[in-house]
Amino acid sequence: MRRKVVFGNFRYRECDNLALYLEKMAREGWIFRDWRLGMVFEKEEPQKLEYAVEVFSEGNENDTKPEPETEEFAVYCRQAGWELVSSRKKLCIFRKLSQDAAPIMEPEERYRSIKKAERESGGRWAIFICILGLSLLNGLRTDNPGEWIFDNLELALWITLFCLFIYKLTWFLDFRYWTAKARRALDMGAEPFYGKEGTWIYLWIQLRWLLPYLIALVYLTLTFLAGDKISGGLLLTIFIVVVLYKGWVGLLKPQRYRHEMAFMMILLILPVMVYGLWLGLVLAAPKEEEKIETAYGDGSVSIEEDKKGIMGRAVTYEITPADSSLLPEESVTCELYETPHAWLLDRMEELWSKESGKEMLIRDPGRMLRISGMDQLEADQILFIREALKL
């Protein structure tokens, strides 16, 4: 028997859209059987079936199949003329058995169940993301962009966090509008339609499911293109673990307690595993060191960090003179920033000049050198540093 899997992520307040979609597929000869990695359909003769998708308030976000509470609810619904086909999280899909089947829920009860489930599902992490977003906005105002803007991965992460903040803010406003609209319809004696009008919504639901994986692939691509093998290895590890976890949940459909246990184990083990991998890669990474000879003295230069991105390049050097009298310290840390964007250098110079501490800023067209640990250098010492860095 032919089968196909349709990926999608229907929200609780799109349950009527899901019911209409299943009815449309049945008319085309694709009958819904179960949720696995996605919605599983089997090819049969076209049928005119009627579905109802309800939110079971006693369900759980970690449910992958009907739990005992859901089975009890299904017995009650079967007596009313509806057969439970499958369930996932708090969503239950029913197929109508008889034409005189009574509604599973009253409009008021249905509204309360959907509203509560949508608030709990969409509101998860909302407070954390909003706090993070506000901190991000404050950081854009006060933090020096030189610390993150030259790394494609860090830049993409900041942009993603900002987009998540805007997304959650938009979700909250849309949720408030939706609840008011549904409440108004109920007060007028009408039953709200839980979903969006138009066929475009089904394409968007499938794209919405795919979006996190596309973002992850963009991160991996940016990281490996920048030559950052350490960050790329860490991201690839996280991506593989998440995909395996999602595949395990989708294919094997573990019971709620096993799902919750696996999720907690990942939260505990993944950070330790990533940190261990990062530590191993950092320790194994070779340190570049170059001997230098200048008119002002000899020494060595090592690259501590090298960031290349679409906004420019940031390199951290450590200069160690052969003669300790050449510089006030045994070694000097220098940060070289190169970018065609003058406004970026202006902003970095403005913020760093306000900081208290020993450091020097040397500005050239298209680049800026930041020398840490000292605020005064002789002319020949500056020339020694410039020649050491080939500036």
Before anything else, pin down the relative contact order of region 3-103: Cα pairs under 8 Å, at least 6 apart, normalised by residue count, whole percent.
25 percent
Using the 10 angstrom Cβ neighbour count as an exposure proxy, how do LEU37, LEU49 rank, fewest first?
LEU37, LEU49
Overall Cα dimensions of the chain, principal axis frame, Å, largest first:
97, 46, 34
Which ordering of TYR202, TYR167 is given by a fewest-first count of other beta-carbon atoms within 10 Å?
TYR167, TYR202
Does region 3-103 classify as rounded, prolate or oblate by the C-alpha gyration tensor (a ≥ b ≥ c root eigenvalues; a/c under 1.5 gives rounded; else a/b over b/c gives prolate, otherwise oblate)?
oblate
Helix-only mean residue ellipticity at 222 nm, the chain, DSSP H runs n ≥ 4 weighted -39,500 (n - 2.57), per residue, nearest 500. What is it?
-17000 deg cm²/dmol
If one takes the longest principal axis of the Cα atoms in the chain, at what angle in degrees, from 0 to 90 and to the nearest 10, does the Cα axis of helix 68-79 lie?
30 degrees
Ranking of PHE73, PHE263 by count of other Cβ atoms within 10 Å, fewest first
PHE263, PHE73
What angle, in degrees between 0 and 90 and rounded to the nearest 10, separates the Cα long axis of helix 152-187 from the longest principal axis of the Cα atoms of the chain?
30 degrees
To test your reading of the geometry: what angle, between 0 and 90 degrees and rounded to tens, separates the Cα axis of helix 379-388 from the longest principal axis of the chain?
50 degrees
Relative contact order for the chain, counting Cα pairs under 8 Å that sit 6 or more residues apart, in percent
14 percent
Cut-off under 5 Å, modelled amide H: who pairs with GLU304 long-range:
THR316, TYR317, GLU318
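Computed from the coordinates by the stated procedures, all read-outs in this text should not be read as laboratory data. No experiment lies behind these values; they were computed from the predicted model shown. Every residue, glycine as well, gets a Cβ built from its backbone with ideal geometry; the counts of neighbours run over all protein chains shown.
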